[in-house]
Amino acid sequence: AAAHHGNTLRAQAAYEEAIALKPDHPPLRVLYAGFLLRYLDDGATAERHLLRAKEIDPSEISITTELARAIMYQARYDDAI
């Protein structure tokens, strides 16, 4: 909710705190990656979190989809394919 009200620093801190508490929870990392892409334009950090999520749950297709999106945000189109 903080990000929707323009408080991206508070939202980022909340995500980072949540990940510190549950580092092996893939859905949390996927949500944080989406936040990083949409609000902070940080594809590299989003990619790092998505790669970790994929390590934890390699069969989840939504992680692969988000990973391709993060790579495309970085204009690495061949890698995204």
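List every residue whose amide H lies under 5 Å from the amide H of Asp42, counting only residues 5 or more places away in sequence or on a different chain, with H placed 1.01 Å from N in the peptide plane.
Those lying under 5 Å, H to H, from Asp42 are Leu37.
Place a point 7 Å from the Cα of Arg38 along the Cα-to-Cβ direction; which residues of segment 8-24 have their backbone N under 20 Å from it?
Label zone hits: 8-19.
Mind listing which trypsin sites (Lys or Arg not before Pro) in segment 42-81 are in a DSSP loop and have 14 or fewer other Cβ atoms within 10 Å?
Arg76
Picking from Asn7, Ala18, Leu28, whose Cα lies most toward the positive end of the charge dipole for the chain (charges on Cβ: Lys, Arg +1; Asp, Glu -1)?
Asn7
Place a +1 charge on the Cβ of each Lys and Arg in segment 2-81 and a -1 charge on the Cβ of each Asp and Glu, then give the dipole magnitude about the Cα centre in debye, rounded to the nearest 20.
160
So if R0 is 22 Å, what FRET efficiency would Ile61 and His25 give, r being the distance between their Cβ atoms, rounded to the nearest 0.05?
0.80
Roughly how many Å² of Ile61 are accessible to a 1.4 Å probe, to the nearest 10?
Surface open to solvent at Ile61 totals about 120 Å².
Within segment 9-81, which GluC sites (Glu not before Pro) sit in a loop by DSSP and count at most 15 neighbouring Cβ atoms inside 10 Å?
Loop-located and lightly packed - Glu60.
With an 8 Å Cα cut-off and a minimum separation of 6 or more residues, compute the relative contact order for the chain in percent.
23
The values are calculated or read from the model by the stated rules, or taken from the named source; none is laboratory data. Small disclaimer: the values here were computed from a predicted structure and weren't measured. Ideal geometry is used to build each Cβ from the backbone, glycine not excepted, and the neighbour counts take in all protein chains shown. We work out accessible area using only protein heavy atoms, side chains counted, and drop any ligands, DNA or RNA first. Shrake-Rupley method; radii C 1.70, N 1.55, O 1.52, S 1.80 Å.
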